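Read through the structure below, which is laid out as structure tokens, and then see the notes.
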Amino acid sequence: MHGLKHSRGHFVIIMDSDLSHHPKFIPQFIEMQAKTGSDVVTGTRYAGDGGVYGWDFRRKLISRGANYLTQVLLRPGVSDLTGSFRLYKREVLEKLVASCVSKGYVFQMEMMARANAMGYRVSEVPISFVDRVYGESKMGAMEIIQFAKGVNTFGSILKKCSHIKCLYLGSAWIDEKTIAMIVTHCSQLKRLYLSYIQTKTSAEVLNDALRPLLPQLSHLTLEDNDSVVNNTMQSLPQLSSLVSIKLSTDKSSAIDCLPQSIGRLSLSDTIDISVDTLKKRCPLLEALHLMDYHHDSDQYWDQLFADICAHFALKRLHWEVLYFSANLFFKNVSKLSQLRHLSIHLCNDGLDTNAMQSMPSLKSLSLSGLKCMPKMLSKLNQIFPSVKRLVLTDIVIKCECSDGHEDRFAGSFPDDCEECIYKCLQLWSQLPQLKRITFTDEERMFIIESNDLSLMSELTLIPFSGLRSKHMPQLAALVADCVHNMSPKKVSTLSDSTSDIQAINLKVEYLVNPLAVDIPQPRLQWTLQALNETKQNLSQKAYQILVATDRQSLDKNVGNLWDSKKVVSDRTNHIKYGGTPLKAGMRAHWKVNVWDQNDRVLDKHPGYIGFWDKGLDARDWTAQWIGAPKGTQQQALKNLADIDNKLIKSKPALVPVLYLRKSFTTNSKVKSAKLYATAQGVYQLSINGRVINKSILDPGFTDYNKTIQYQAYDVSDQLAGENTISVLLGTGWYSSYVSYEHKYHHFGSDQHMLVELHIEYEDKTTVVVKSDNTWKVSTGSYIYSDLLMGELYYESREPKNWRESAYDDSHWPSVVTKPIDKTVALVADRAEPVRAIQVLEPKTKHESQLGVWVFDFGQNMVGWVQIQMPKAYDASRVQLRHAEALNPNGTIYVLNLRSALATDTYVLDKVNRTTELSLEPHFTTHGFRYVEVTGYPGEPALSAIKGIVIHSDTAFKSHFETSNKMVNQLFSNINWGQRGNFLSVPTDCPQRDERLGWTGDAEVFAHTATYNADVSAFYTKWLRDLRDSQSTEGGYPNVAPKVWGRTTMGNGSPAWADIAVILPYTLWRQYGDIQAVEDSYESMKRYMS
């Protein structure tokens, strides 16, 4: 303290005077403080490259034990509390010293605990501690006793910590005096955890002491002490501030005691749960954690799960039940589309990859007991594109080889299938969202575990008693062989290399593993990842790109399609493929070796492996456009309700959605199957009743008379012996109402579909199933589905099971065909598709008129509404109208929509179902905050509707937050505005009868958009739309793609037309994309001249 008084400057460094703390680390402390702005920078011996040298076992045990004890009791947020090598801001150190009550070595621990409690920012720098060579340490028996006493009496600090909001008492002896001290000194306490507590006091006395504290709590945990739990439950119903609770009890009456404010509920070992009671007691429930290993009734749990899915719009679900059917989970998973966090135990079942695709909002997923096979794992990225954190525990690897050993477990050494283990490990290593994984089989268990939150960065092999030691070398060798795709702190120790970086996030033409690239020399790019986050000033000195026909070649560092050799360059993007030209449908696997600033490379670890598939060129297409015979759609407009007849007669572009189908058989075992599809219109495509394109409004908005995009889908796992391709074909941008002045049929009046399915069998033979005159066409329940007007659905007109192979389509007429127009470019989709990205729930509702209900989502959004119908109702006409604002009387305001009806109508039959019906439109979008519901049977619950947010799936990367709420709201408005208006093209507005790619709007906003999200592929696609819209004189229109007033809608208007120069410049400036300039250069010259 004497030294502190005489020191100068704004920062103070404290270190051992015997130089056990080496001064060489001081620059790192200063650099860390400057980088992070921390109030305290502390040295750590127990993280990163830190360590201790020269200590005997006793000293190490004392230090580690003291750290462990304080970590458990105090949760200080740093890894090394007993060290003293630290940098402080002067004013922070003075406040900490003044507040400390400890003496001796315990003050080091108290300083960090207080810094954490007082909200100071603390960073750590790994250090090496070398014990003194001369003299003796002052750490003797009395200091150890003093430290223990300090920790034991540290509860006295509670008196000075009235700001504490969260308190955890686990495995502790407490009495009414302990509770009384908490009540007295913790006036701001909000979260209290009483877990495995022990007490000599009666539960009644303890509960009386606890009662004054309960009303201020927002969360309460009570577990493993039945007498305390049961007595405390009596006080729960009156706790209106309680929003989260965790109970461990075998009494089903616990639910009857819950306050109605509960939004998060965790129950352990609870039996006979009544969903009706749960609905009554917890109407606001949005998070449920249920764990039970005792109730052995499959039927009970299956029914409970189905009821919970049907009655609660959960955002978080943890379902850990031993006796539970995974099939029932997959059957009900579509009702969980709003879930953001899911954890479930699957009892050694596989994953239904098709069912799981109905969870677009999922951000975090934990699967336990999953039976894994390589083919299923290869789809995980497609199934969970929105998942940011994936945890797999108690995983069993199953063999899927064709040698008859499909029941062998991967853990059964030495007779297991190493090929399947190898494939699974490789596939897991390519999942950036995978944060933790444990493996097991039923007899010989082992775990490969990652505790680091970066991608598989720390691997630990933990043998269990069942795993014979002689098998450990086999397992270790296998892991070492497969782990080359995994990121690295400990992976690097498997190699002689000491490189500091590796290449990750491999992309081809801005896309991850695209299934169709029709550019002969696509551009490749990657980002760099530091293998040791504590090191700085890292860079790429050189790279080597390897491209091969198979992954095995890359494992050997062989590129049989292209080896760029070592290129001395720090470039990581826009590097053109320079290898053997690819043929249509051919897959190219690729990886990048990178040399760091010290010219070192991870040569024994291939790194991340990506791929791209060569798409179809114009000459590769053999299919024909197919559509409906004249009069097919008009015939379907007969016998409608008068109100619908009147509307359709006034709007000629409102025509029925076409139903197309084709049945075929496969004659051998399928090796691979790739489907290419596009439309003059918009489509939804299915195989054997399962939707293939999870994207929306494919093929996207272009000038259909000049360019039509096609999409590619890997359907290898969708085919059976008997198969049916089915298509819903709507009008879309091709012939819907688009723009104002009631314009329609901008590119044509009749919708057509183009399909090619390329199948390769195991015996190397191939076959192509394509759109031709053998297809059938009809109409069904979708009377119309228009971009601006909305959708009209007649339930009675739906042909049952029409997507299945067994359906008899003999009464359907054959399609009409037309050849492909060679003057129109068929190009592979170059941008991210439009997808359902998010699910919003309404905040409030009110009855604006008798039987008319208005729901408020609290946020302007673009998409549509999904409505849940009850199980039984009379014939109904349910109508949904969408609006951005309300009139003063509470009705929706729609004048700003002009001619856009923005109305979805469902004409439903009288039913008495066992399950609820969920309805949503297909080929329309709306911009809205409010939705008006008319004709719903009875009063719709707030949970009956959900808002499905859609937009082009550009990854939003930025985050911005200030202390000013208005500024934060402004940024939120900008963010939501971009989401709502980036829908295949950058539009001006998403709600009224316009929704066009206005060039002036894009010119102003393009630069901002690049900061909010990765719009590189999105704008690359729209640049082609701009070039297509250029007039023969060189001018650009005010909107692109060019629609209404096709000869007069602007031709070089100042500011609007300048986008054709400004956008390529923006892409070059923001992404270094010189190709965007080159592709548009001749077009820009024509404009400028």
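Just rank K818, K190, fewest to most, by other beta-carbon atoms within 10 angstrom.
K818, K190
Which stretch or stretches of the range 701-743 have amide N atoms under 11 Å from the point lying 7 Å from I820's Cα along the Cα→Cβ direction?
Under 11 Å, as judged by backbone N against the label point of I820, lie 710 of the range 701-743.
By how many nm would the segment from R571 to D772 grow when fully extended, if each residue of separation counts as 0.36 nm and the alpha-carbon distance is taken off?
Gain in length upon complete extension: 67.7 nm.
Tell me the net charge near S771. Cut-off is 13 Å between Cβ atoms, S771 excluded, with +1 for each Lys or Arg and -1 for each Asp or Glu.
Net charge in that neighbourhood comes out at +3.
State to the nearest 20 debye the size of the charge dipole of the range 619-823 about its Cα centre, where the only charges are +1 on K and R beta carbons and -1 on D and E beta carbons.
So the dipole magnitude of the range 619-823 works out to roughly 320 debye.
Please work out the C-alpha center-to-center distance from the range 687-739 to the range 816-869 and express it in whole Å.
With the range 687-739 and the range 816-869 each reduced to a Cα centre, they are spaced 16 Å.
So how far apart, in nm, are the two label points at V512 and A875 if each is 7 Å from Cα heading toward Cβ?
5.0 nm
What whole number of Å gives the distance from the Cα centroid of the range 1018-1089 to the Cα centroid of the range 366-380?
So the two Cα centres are separated by 46 Å.
Please list, in order, the residues from the range 515-559 whose amide nitrogen is less than 16 Å from a point placed 7 Å along the Cα→Cβ vector of Q597.
Taking a point 7 Å out along Cα→Cβ of Q597, the residues of the range 515-559 whose backbone N falls under 16 Å are 528-542.
Mind giving me the FRET efficiency for S672 and S958? R0 is 22 Å, r the Cβ-Cβ distance, nearest 0.05 is fine.
Step by step, r from the Cβ atoms, then E = 0.05.
Explain nothing, just the number: relative contact order of the range 609-765, from Cα pairs under 8 Å at least 6 residues apart, as a whole percent.
Averaging sequence separation for qualifying contacts and normalising by length gives 33 percent for the range 609-765.
Relative contact order of the range 835-952, please, whole-number percent, based on alpha carbon pairs below 8 angstrom and at least 6 residues apart.
Answer for the range 835-952 is 47 percent.
Apply 1/(1 + (r/R0)^6) to the Cβ-Cβ distance of S274 and N645, taking R0 = 56 Å, and write down the FRET efficiency to the nearest 0.05.
0.70
Arranged by the count of other C-beta atoms within 10 angstrom, fewest first, what order do W1022, W1068 take?
The order, fewest Cβ neighbours first, is W1068, W1022.
Give me the one-decimal nm value for the distance between modelled label points at S261 and R211, 7 Å along each residue's Cα-to-Cβ direction.
Distance between the two pseudo-spin positions: 1.8 nm.
Just to verify a number: FRET efficiency for S943 and S17, C-beta to C-beta distance, R0 = 60 Å, to 0.05?
The value I calculate is 0.35.
Quick one: length gained pulling A885 to T844 fully straight, 0.36 nm per residue minus the C-alpha distance?
The A885-T844 span can extend by a further 13.3 nm.
Taking 8 Å as the Cα distance limit and 6 or more residues as the minimum spacing, I'd like the relative contact order of the range 501-613 as a percentage.
35 percent
Modelled label-to-label distance, Q188 and I1062, 7 Å Cα→beta-carbon offset: nm?
Here the answer is 4.8 nm between the modelled labels.
Mind sorting K669, K331 by how few other Cβ atoms lie within 10 Å of their own Cβ, fewest first?
By the 10 Å Cβ count, ascending: K669, K331.
In nm, what is the difference between 0.36 nm times the number of residues separating M118 and V1077 and their Cα-Cα distance?
Full extension from M118 to V1077 adds 339.9 nm.
Any read-out appearing in this document is the output of simple, stated calculations on the displayed coordinates, not a laboratory observation. Keep in mind the model is a prediction, meaning the values are calculated, not measured. Using ideal geometry, Cβ is built from the backbone for each residue, glycine included, and neighbour counts are taken over all protein chains shown.
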